[in-house]
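Remarks on the structure that follows.
The values are calculated or read from the model by the stated rules, or taken from the named source; none is laboratory data. Fair warning: this is a prediction, and the values are worked out from it, not measured in the lab. All Cβ positions, glycine included, derive from the backbone under ideal geometry; neighbour counts span all protein chains shown. Calculation scope for accessible area: heavy atoms of the full protein, side chains included, ligands and nucleic acids excluded. Shrake-Rupley method; radii C 1.70, N 1.55, O 1.52, S 1.80 Å.
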Amino acid sequence: MNAEEKVLQPSPKLPSAQKKTRTRWFIVFMLFLVTALNYADRATLSIAGTDMSGQLGLDSVMMGYVFSAFAWSYVAGQIPGGWLLDRFGSKKVYFWSITLWSTFTLLQGFLGFFGSAGTAVMVLFGLRFLVGLAEAPSFPANSRIVATWFPSHERGTAAATFNSAQYFATVLFAPIMGYITYKFGWEYVFFFMGALGIIVAFIWMKTIYGPKEHPRINQAELEYIEAGGALINMDQTSTNKEEKKGVNWNHIKQLLSNRMLLGVYLGQYCITTLTYFFLTWFPVYLVQERGMTILEVGFVASLPAICGFFGGILGGTFSDFLLRKGFSLTVARKVPIVVGMILSMSLVAANYVDTEWVVIFVMALAFFGKGFGALGWAVVADTSPKEMSGVSGGLFNTFGNIAGITTPIIIGYIIATTGSFNGALVFVCANALVAILSYLFLVGEIKRVKLKS
């Protein structure tokens, strides 16, 4: 049994009489805040898209490609972004990430000044592409910071908390963006979100530190998280000559040949398919298939998202509860994932009902299940090799966000071919089933990967 496995149970009370601080939970709050902003900026186009597509003359296939622009660069930037994190540390890289993606979001508000619709579409695709590239280090950084700040038996809750921000983003920002679009026009959605992000970037720089440098942590908390398996020395700027050379492709080859990780990667791709359906086509579905106004969509879309938020928190808390009760790390992570994906498959029931409140209920249940089972980043924190946690997280996110390329395009073609969203919901549901099978039959035991020299 390795050192980390020995500390899955809560650590015994420290002999020091000093009461430990709770600075690590403020760190998670900041991760939650920037992740909510991250997802809100991804979703700006889905809220503004109906009005924008009418003005720019976009059909469903073209909208699918524009929706996917973000994911092309987001996927391509994962491994370089992970290397930047390992090389320069999370704080500095994340600051530039937030600043740049917010700037590119703000610039999308000027699309209306282009006289040619074709030129506007090309610029929109380019700016969405740059937003994706700038956001690439964000989730590997989240996972890296959680592994740095949290003992093993609290990582599920911590990872689920920042991951649940994707639902909170919809709860908080969808009504705001819907109102701004309705009252002022779609351009002002981008102005508002871009300016807000630049402000948050500077708050980040003033509040985030590593465990050993944070001014608000005391020795008792530092000893507690280190005794529980937190990698407190990991998030420091690298001085290692090997890391300065660049990405170690031999290590990446080892990660790609690991059956457990391949199963996790496949599962994340399928789970992320659900994410991108809700991020891109879901508001359009409510407008086109269910006849809602864009103002109604801003508020109605927040109801399933509330369920997803609570599902995400409960999934992580339940996983850590199983660890504290003595279940293995494998059982504690897999059970919520499988149960959550089963619940998310209820999505397909929306094809067979017409009553509006029933449709929203079905979507809410699917959102809850998706949140409950979204423990992939906790698994990354549990399994990433200590030498290259940033690159490992980036590789995981690469596979997951390939779904950001394929999902909007596939659904766009399904709608164009069939004239409805029925086939799209079946497609999303099938991905949830594949995620279940992957975790049950491919992943095997969940444990930290040890690299060979």
Across the stretch 309-326, in residue order, what do the Karplus-derived ³J(HN,Hα) couplings come to in whole Hz, using 6.51 cos²θ - 1.76 cosθ + 1.60 with θ = phi - 60° and x for Gly and Pro?
-> 4, 5, x, x, 5, 5, x, x, 5, 5, 4, 5, 4, 4, 5, 5, 7, x
Given a 1.4 Å probe and the protein chains all in place, what does the accessible area of residue 129 round to, in Å² to the nearest 10?
-> 80
Interchain or sequence-distant (5+) residues whose placed amide H lies within less than 5 Å of the amide H of residue 89 are 238
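Students often get this wrong, so check it: of 19/92; 92/370; 212/334; 91/253; 19/212; 334/370, which have C-alpha atoms separated by over 21 Å? The partial results should precede the final answer.
On the way: 19/92 31 Å; 92/370 31 Å; 212/334 33 Å; 91/253 28 Å; 19/212 17 Å; 334/370 14 Å.
Long pairs (Cα-Cα over 21 Å): 19/92; 92/370; 212/334; 91/253.
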Treating every alpha carbon of the chain as one equal point scatterer without solvent, the Debye formula yields log10 I(q)/I(0) values at q = 0.06, 0.13, 0.14 Å⁻¹ of -0.24, -1.14, -1.32
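Given charges of +1 on the Cβ of Lys and Arg and -1 on the Cβ of Asp and Glu, with all other atoms neutral, how large is the dipole of the chain about its Cα centre, in debye to the nearest 20? Write out the running numbers ahead of the final one.
Details: 33 positive and 24 negative charges, 310 e Å.
Once rounded to the nearest 20, the dipole reads 1480 debye.
Work out, step by step, the length gained on full extension between residue 310 and residue 416: first 0.36 nm times the residue separation, then minus their alpha carbon distance; give nm to one decimal.
Working: separation 106, 0.36 × 106 = 38.16 nm, distance 3.44 nm.
34.7 nm is the gain from fully extending residue 310 to residue 416.
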For residue 388, solvent-accessible area (1.4 Å; no DNA, RNA or ligand), Å² = 10
Longest the chain segment clear of GluC sites (Glu not before Pro) sitting in DSSP loops (not H, G, I, E or B) with at most 14 other Cβ atoms within 10 Å runs 214-444
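Whole number please: convex hull volume per residue, Cα atoms of the stretch 134-216, in Å³.
Working: hull volume 9.7 nm³, N = 83.
It is 117 Å³ per residue.
For the chain, what is the accessible area per residue in Å² when the probe is 1.4 Å?
Per residue, the chain has 39 Å² of solvent-accessible surface.
Sorted by accessible area (1.4 Å probe), largest first, how do 122, 260 line up? Write down the numbers at each step before the final one.
Numbers: 122 145, 260 15 Å².
Most to least solvent-accessible, the answer reads 122, 260.
Could you give me D for the stretch 386-453, from Stokes-Einstein at 4 °C and 1.567 mPa s, where the hydrodynamic radius is the Kirkwood radius over C-alpha pairs? Units µm² s⁻¹, please. Please report the intermediate quantities before stating the final value.
Details: Rh = 14.7 Å.
The diffusion coefficient I find is 88 µm²/s.
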Where does each of 200-212, 422-434, 170-182 land if you order them by average Cβ count within 10 Å, highest first?
-> 170-182, 422-434, 200-212
The chain: relative contact order from alpha carbon pairs under 8 Å, six or more residues apart, as a whole percent, is 28
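How much of the accessible area of the chain, in percent, comes from carbon and sulfur atoms when a 1.4 Å probe is used?
Values: 11830 of 17610 Å².
Result for the chain: 67 percent of the exposed heavy-atom area is carbon or sulfur.
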Heads up, the stretch 325-417 by the C-alpha gyration tensor (a ≥ b ≥ c square roots of eigenvalues; a/c under 1.5 rounded, else a/b over b/c prolate, else oblate) looks oblate
Taking a 1.4 Å probe, which of 368, 184, 282, 327 shows the most accessible area, and what order do the others take after it?
-> 184, 327, 368, 282
In order through the stretch 144-156: 3J(HN,Hα) via Karplus (6.51 cos²θ - 1.76 cosθ + 1.60), integer Hz, x for Gly, Pro = 5, 5, 4, 5, 6, 9, 10, x, 4, 7, 10, 5, x
